[in-house]
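Written below as structure tokens is the structure these notes are about.
What follows draws every value from the coordinates through simple rules; no lab data is involved. If you're wondering where the values come from, they're calculated on a predicted model, not measured in any experiment. Every residue, glycine among them, receives a Cβ derived from its backbone with ideal geometry; neighbour counts consider all protein chains shown.
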Protein chains: 2
Amino acid sequence: MTNFDEATAVRHRGDGHYEAAADPRFAIVLPGGTVPPAVNGGALLATLLRAVIHSSPHPHPVATSAHFLRVPQLAPVEVQVTWLKRGKTAATARASLVQGDEIVVDATVTTGTVPGRADEDAADRTLTWTGPPPSCPAIGDCVDLGNWRGTFGADGAAGYAAHVEVLLDPATTGWRRGEPSGLPEMQGYFRLREDRDPDAYLLALAVDSLPPTVFGLGATGWAPTVELTWHMRAVPEPGPLQVAARCRHVSGGWFDEETEVWDSAGRLVAQSRQLARVGRGPLRTTGAQQAAGAVRERS
Amino acid sequence: MTNFDEATAVRHRGDGHYEAAADPRFAIVLPGGTVPPAVNGGALLATLLRAVIHSSPHPHPVATSAHFLRVPQLAPVEVQVTWLKRGKTAATARASLVQGDEIVVDATVTTGTVPGRADEDAADRTLTWTGPPPSCPAIGDCVDLGNWRGTFGADGAAGYAAHVEVLLDPATTGWRRGEPSGLPEMQGYFRLREDRDPDAYLLALAVDSLPPTVFGLGATGWAPTVELTWHMRAVPEPGPLQVAARCRHVSGGWFDEETEVWDSAGRLVAQSRQLARVGRGPLRTTGAQQAAGAVRERS
């Protein structure tokens, strides 16, 4: 079992209550160390979705809407799942990730069935149509973000960036050397460092795996996600995931970010949009590695 | 008070419980009449949001995630609001629109403050950036959808299309004469027939006011929304709203739809993305008016 599967595992205690953990292996130690390490929001979503799918009449989390309310402690959490409707095509559950008596992530999830991998996909006799894919350089021409700041905790424990690999289109990495492109766009590739095929849970991680798009505008501060909704569109093929994100509007301290995830067979497998807060001015960073450390986390 | 404000009004009964109605004035009589009239989902969202804002510490519904579970009867409904967090920048509530003991719409809403109208907007000292606007013909060159099928009930009562005005870019109206463009895109203008300035509640209606984008692919059947999330980005100026929608992927009976709403001052004021079901083949329609009647409603 991979670190990812262990870190996002849930254990059913009955009646829709699941034991889980905010696991340090997917935590990010923030630059400055003034706040406790935050667990990557995608890892929290993967945990929550495991509990939902465990009791779902349908196999896939087709639509997941999540509001991020608080940063959890690195400690046990509980997932509470309540089914609101169990239909033939779609079923909807309320799912909350709770720590103590406070909700950390509040989500509504509609499950259903999406097309399988490419071979099964060919049997899809329903209407199919896909817009043009993003144009991203080959993975070999992308820049490995490596072990960015926050990868290792004060005690040496390996966190988020030690478990995922993010390779960025060089055109979207100017912010690392203090030369942001001027466009709020980010694209590249994402995979676990361990060998593991992508699935719904890894897609939940992938939809928010890139640095915040506003880094491209020079706003490299902490950019907490307030709300993120993602749609699973197909079961991904094995291989790295291509991820492309753009922002459409920034004002009043809010920015949106739309992300598409394409699999190694060139199929659109997931989409997300989130609303996040722009950090209060750039962090006082001294180099590319520190700027990279300010990768988005949830508040 | 306009029909829209009356139809979406709520009355607080205490303890987060609000009386409201699924009002026939925003209902659509479906072609064929085999199912009961459905109230426009945006009108249901506006009703729900009135209850949320009534008890919110912040003025604007910044992020609204809604899952549409059931079609309500044209009868009283209750909105139940529970606050999960009341923060200084953002507050989050769970809100359900309930009829009998069944949830019709289940939503989570994060409230906050977005930039005001253009004059106040100029005082925004935070980072601002906006992507290029959609290119839509002038309102005078657009096609008024008029009183499409479903506008009037069997008893002659005026429904949704009698209260809203939708004017489409002629390039996205080929489906009305059986000649779909081949692109799942729709754009045009939206306003109430009554004179009323747009606000958050009208934006909730506007984000899903156009015919489904898959009409552009010839799929003009009933296209129920499963999940819709929308973000309010600014307080709109008076005047008609420009609405542009596109779809990125259709497969397995599911399609997404991303919509932007721009105000009369050319500002991006709302964004949405929804996941919906493709209708099971075109309805047996005999002309443009009937095809137009299959405008999207919630299931």
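Remarks
- Relative contact order of chain A: 19 percent, from C-alpha pairs under 8 Å at least 6 residues apart in sequence.
- Whole-Å semi-axes of the stretch A:216-286's equivalent ellipsoid (Cα gyration tensor): 28, 14, 9
- Distances between equivalent label points of A:PRO137 across the copies, with each point positioned 7 Å along Cα→Cβ, amount to 4.3 nm, shortest listed first.
- Debye intensity ratio I(q)/I(0), log10, the stretch A:197-254, q values 0.20 Å⁻¹ (C-alpha model): -0.86
- The alpha-carbon positions of the stretch A:45-165 define a convex hull whose volume is 178 Å³ per residue.
- At full extension, A:ALA162 and A:LEU183 could sit 4.7 nm farther apart than now, given 0.36 nm per residue minus the alpha carbon distance.
- Highest-fluctuation residue, A:GLU78, A:GLU165, A:GLU179 considered, GNM on chain A with Cα pairs under 10 Å: A:GLU179
- Within chain A, longest stretch free of exposed trypsin sites (Lys or Arg not before Pro) [DSSP loop, at most 11 other beta carbons within 10 Å]: A:126-279
- Listed residues B:ALA46, B:ALA200, B:ALA158, most fluctuating in chain B (Gaussian network, C-alpha, under 10 Å): B:ALA158
- Under 5 Å, built H, 5+ apart or other chain: amide partners of A:VAL143: A:LEU168, A:ASP169
- Peptide A:66-72 is shielded by partner chain Cβ atoms: per residue, an average of 4 of them sit within 10 Å of its Cβ.
- When the charge dipole of chain B is built from unit charges on Cβ atoms (+1 for Lys and Arg, -1 for Asp and Glu) and taken about the Cα centre, the candidate among B:ASN3, B:LEU228, B:VAL62 whose Cα reaches farthest toward its positive end is B:LEU228.
- Computed FRET value (nearest 0.05) for B:ALA118 with A:ALA138, which takes r as the C-beta separation and R₀ as 56 Å: 0.80
- Full extension of the segment from A:LYS88 to A:PHE152, taken as 0.36 nm per residue of separation minus the current Cα-Cα distance, would add 18.5 nm.
- Across the identical copies, the label point of A:ALA75 (7 Å from Cα in the Cβ direction) is separated from its matches by 4.7 nm, in order from shortest.
- Counting charges near A:VAL164 (Lys, Arg +1; Asp, Glu -1) among other residues having Cβ under 10 Å from its Cβ returns a value of 0.
- The stretch B:184-224 - Rg over Rh from alpha carbon coordinates, Kirkwood radius: 1.06
- An ellipsoid equivalent to the protein assembly as shown, defined through the eigenvalues of its Cα gyration tensor, has semi-axes of 37, 25, 25 Å when rounded to whole angstrom and sorted largest first.
- For B:GLY14, inter-copy separations between label points set 7 Å beyond Cα along the Cβ vector come to 3.6 nm, shortest first.
- Amide H partners (placed H, <5 Å) of A:VAL104, local residues excluded: A:LEU97, A:VAL98, A:GLN99
- Axis proximity, chain B to A: residue whose C-beta lies nearest, plus whole-Å distance: B:SER65, 2
- Alpha-carbon Debye profile of the stretch A:145-205, log10 I(q)/I(0) at 0.15, 0.27, 0.30 Å⁻¹: -0.59, -1.11, -1.18
- With bins 5 Å wide beginning at 0, the percent of Cα pairs of chain A falling in each bin runs 1, 6, 12, 17, 19, 18, 13, 8, 4, 1, 0, 0.
- Peptide A:231-238 has a mean of 3 when you count, residue by residue, the C-beta atoms of other protein chains within 10 Å of its C-beta.
- Modelled spin labels at B:ARG125 and A:ALA171, positioned 7 Å past Cα toward Cβ, are 3.6 nm from each other.
- Here the simple spin-label model places points 7 Å from the Cα toward Cβ, and for B:GLU102 and B:GLU19 these points are separated by 2.3 nm.
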